[in-house]
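Trainee: Here it is, the structure, as structure tokens.
The values are calculated or read from the model by the stated rules, or taken from the named source; none is laboratory data. This one's a predicted model, so the numbers in the text were calculated from it and none came from an experiment. Every residue, glycine as well, gets a Cβ built from its backbone with ideal geometry; the counts of neighbours run over all protein chains shown. Surface accessibility is based on the protein's heavy atoms, side chains included, excluding ligands, DNA and RNA. Shrake-Rupley method; radii C 1.70, N 1.55, O 1.52, S 1.80 Å.
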Amino acid sequence: MAIPLPLTSYSPISASSSSSSSISRISFVPLTPLHRSFFSAQNCSRRVLLSCSSSLSSDNGSTPESMNGNGNGSSLNGQSSFPRMPSFDGTSKPPLKWRRVLLKVSGEALAGDEEQNIDPKVTMAIAREVAAVTRLGIEVAIVVGGGNIFRGSTWAGCSGLDRSSADYIGMLATVMNAIFLQATMESIGIPTRVQTAFRMSEVAEPYIRRRAIRHLEKGRVVIFAAGTGNPFFTTDTAAALRCAEINAEVVLKATNVDGVFDDDPKRNPNARLLESLTYQEVTSKDLSVMDMTAITLCQENNIPVVVFNLSEPGNIAKAIKGERVGTLIGGTWNSVVTTTTT
């Protein structure tokens with residue numbers, strides 16, 4: 001006849017634990033012949049701890065993996081603190097040049113060659129390439145323009161429309177592009193969040209820096225819409241600003257050209273593509289890469305900028321992975337972030 005044996009499992013008690021956490025959990029199992037041999041005369045005086053476990057979550061609901069000393073799951077500089085996990089075959093992932101990037105997609109690029117404002121084939125191509133790099137553990141944020149629908153600087157002055165009102169209309173156009181791009185990404189299984197610079201609670205989240213960083217740490221793609229929320233600033237400036245705020249390592253500017261040339265390639269067929277530039281060269285030569293406010297902001301925060309052609313298949317993935325594509329401003333191609341296998 002099997003005799004029920006009480007087995008007690010204790011949870012470790014910290015100084016800050018409440019009194020209720022010290023209650024032990026008792027379960028009963030039948031005493032088999034194997035147990036009887038263990039509880040012999042020479043072992044009957046020994047005390048055995050059969051299991052020692054603690055809850056996977058703390059009192060505030062955060063997991064141990066998300067806590068690194070500051071209680072918010074991010075490192076002190078705002079970047080992800082999660083270790084790089086090895087692949088299923090036991091080998092580590094290849095070293096990546098950047099781990100958190102900001103992709104700037106112009107509105108004209110979303111239009112493609114179609115007469116419609118947005119070409120679904122372009123948005124799907126963007127979604128697929130972003131999906132490929134997020135599987136490598138790269139965190140991707142996106143800033144979209146609105147020039148394919150409405151450009152404030154172009155319409156300012158028409159029918160009495162002042163510049164501020166025109167820019168606000170352009171911000172609404174970026175929200176339309178962001179929602180379309182979000183729907184495309186989620187249709188292929190990419191978790192995506194849209195955050196706007198001014199409140200549109202029914203369709204998107206308001207921009208909150210710490211929430212955006214947390215989304216990125218959880219593997220979600222964050223699309224920033226409505227620019228900076230202020231008139232007289234372009235979406236290029238919004239891209240540089242958001243990149244600095246979320247501690248991204250690079251601005252990837254996807255356009256309709258292969259990069260930055262020493263001359264206008266439409267007028268001069270012998271124009272040469274420049275592989276790398278400094279911030280000073282961009283400002284001194286007045287190159288139409290980004291507006292001066294955006295370039296200055298990138299320079300002050302040491303943020304490199306990569307300008308590449310969106311229409312070339314695979315260019316987005318190459319740019320995000322740090323491969324040589326287009327023109328690099330304010331950086332070097334041969335610098336690679338050293339990662340450690342955990």
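Trainee: Look through Leu328, Leu287, Leu297, Leu252 and report the one residue that is farther than 25 Å from Asp113 by Cβ, of a type outside the set (Phe, Trp, Tyr) and assigned to a strand (DSSP E or B). Lay out the reasoning, then the answer.
Mentor: Working: Leu287 fails: assigned to a strand (DSSP E or B); Leu297 fails: assigned to a strand (DSSP E or B); Leu252 fails: farther than 25 Å from Asp113 by Cβ.
Just one listed residue meets the conditions, Leu328.
Trainee: Report yes if Arg214 is open to solvent by 50 Å² or more (accessible area, probe 1.4 Å), farther than 24 Å from Trp155 by Cα, among the basic types (Lys, Arg) and part of a helix (DSSP H, G or I), otherwise no. Give the steps one after another, and end with the answer.
Mentor: Values: open to solvent by 50 Å² or more (accessible area, probe 1.4 Å): yes; farther than 24 Å from Trp155 by Cα: yes; among the basic types (Lys, Arg): yes; part of a helix (DSSP H, G or I): yes.
Yes, satisfied.
Trainee: Please specify each residue of the range 245-277 satisfying the condition of being among the polar types (S, T, N, Q) and open to solvent by 60 Å² or more (accessible area, probe 1.4 Å). Lay out the reasoning, then the answer.
Mentor: From the range 245-277, those among the polar types (S, T, N, Q) are 247, 255-256, 268, 270, 276; that's our starting set.
Within the range 245-277, Asn256, Asn270, Ser276 qualify.
Trainee: Do we find that Ala238 is open to solvent by less than 20 Å² (accessible area, probe 1.4 Å), in contact with a Lys or Arg (Cβ under 8 Å, 6 or more places away or on another chain), closer than 28 Å to Pro206 by Cα and not in a strand (DSSP E or B) in this structure? Quick ask: steps written out before the conclusion?
Mentor: Details: open to solvent by less than 20 Å² (accessible area, probe 1.4 Å): yes; in contact with a Lys or Arg (Cβ under 8 Å, 6 or more places away or on another chain): no; closer than 28 Å to Pro206 by Cα: yes; not in a strand (DSSP E or B): yes.
Taking the combined requirement at face value, the residue does not satisfy it.
Trainee: Tally time: how many residues in the range 165-187 are touching a helix residue (DSSP H, G or I) at 6+ places or on another chain (Cβ under 9 Å), under 17 Å from Ile126 (Cα atoms) and in contact (Cβ under 8 Å) with a residue 24 or more places away in the chain?
Mentor: Summing the residues that are touching a helix residue (DSSP H, G or I) at 6+ places or on another chain (Cβ under 9 Å), under 17 Å from Ile126 (Cα atoms) and in contact (Cβ under 8 Å) with a residue 24 or more places away in the chain in the range 165-187 gives 7.
Trainee: For the range 289-304, which positions are free of Cβ contacts under 8 Å to residues at least 60 places away in the same chain and not polar (S, T, N, Q)?
Mentor: Passing the criteria: Val289, Met290, Asp291, Met292, Ile295, Cys298, Glu300, Pro304.
Trainee: Counting just the residues of the range 269-284 that are touching a strand residue (DSSP E or B) at 6+ places or on another chain (Cβ under 8 Å) and in a loop (DSSP other than H, G, I, E, B), which one comes out farthest from Pro313 (Cα to Cα)?
Mentor: Thr278
Trainee: Among the numbered criteria (1) within 19 Å of Val305 (Cβ to Cβ); (2) out of contact with any strand residue (DSSP E or B) (no Cβ under 9 Å at 6 or more places or on another chain), which one does Gly112 miss?
Mentor: (1)
Trainee: Right, something else. Residue by residue through the range 300-324, note down the ones that are assigned to a loop (DSSP other than H, G, I, E, B) and polar (S, T, N, Q).
Mentor: Asn301, Asn302, Ser311
Trainee: Exactly one of these conditions fails for Ile142: (1) under 20 Å from Leu297 (Cβ atoms); (2) touching a Cys at 6+ places or on another chain (Cβ under 9 Å); (3) of a type in the set (A, V, I, L, M, F, W, C). Give me its number.
Mentor: (2)
Trainee: Let me ask something additional. Looking only at residues in the range 278-300 that are among the charged types (D, E, K, R) and open to solvent by 60 Å² or more (accessible area, probe 1.4 Å), which one is nearest to the chain's Cα centre (by Cα)?
Mentor: Filtering the range 278-300 for residues among the charged types (D, E, K, R) gives 281, 285-286, 291, 300.
Okay, now just the ones that are also open to solvent by 60 Å² or more (accessible area, probe 1.4 Å), so 281, 285-286, 300.
On the way: Glu281: 30, Lys285: 33, Asp286: 31, Glu300: 22 Å.
Residue satisfying both the conditions and the ranking: Glu300.
Trainee: If you don't mind, another one. Which residue, of Ala127, Ala111, is over 21 Å from the mean Cα position of the chain (by Cα), among the aliphatic types (A, V, I, L, M) and open to solvent by less than 20 Å² (accessible area, probe 1.4 Å)? Don't jump to the end; show me each part of the working.
Mentor: Details: Ala127 fails: over 21 Å from the mean Cα position of the chain (by Cα).
Step by step, each of Ala127, Ala111 is checked, and only Ala111 is over 21 Å from the mean Cα position of the chain (by Cα), among the aliphatic types (A, V, I, L, M) and open to solvent by less than 20 Å² (accessible area, probe 1.4 Å).
Trainee: Based on this model, can you work out whether Ile190 counts as surrounded by fewer than 22 Cβ atoms within 10 Å (Cβ to Cβ), at negative phi, without any contact (Cβ under 8 Å) to a residue 24 or more places away in the chain and among the β-branched types (Val, Ile, Thr)? Before the answer, list the steps.
Mentor: Values: surrounded by fewer than 22 Cβ atoms within 10 Å (Cβ to Cβ): yes; at negative phi: yes; without any contact (Cβ under 8 Å) to a residue 24 or more places away in the chain: no; among the β-branched types (Val, Ile, Thr): yes.
In short, no.
Trainee: May I pose another question? Given the criterion β-branched (Val, Ile, Thr), closer than 20 Å to Ala204 by Cβ and surrounded by 16 or more Cβ atoms within 10 Å (Cβ to Cβ), identify the matching residue among Val133, Val105.
Mentor: Just a single option satisfies the conditions, and that option is Val105.
Trainee: So which residues in the range 206-248 are of a type in the set (D, E, K, R), within 24 Å of Glu300 (Cβ to Cβ) and out of contact with any strand residue (DSSP E or B) (no Cβ under 6 Å at 6 or more places or on another chain), if there are any at all?
Mentor: In the first step, residues of the range 206-248 are kept if they are of a type in the set (D, E, K, R); the result is 209-211, 214, 217-218, 220, 236, 242, 245.
Among the residues that remain, those that are also within 24 Å of Glu300 (Cβ to Cβ) are: 209-210, 236, 242, 245.
Across the range 206-248, the qualifying residues are Arg209, Arg210, Asp236, Glu245.
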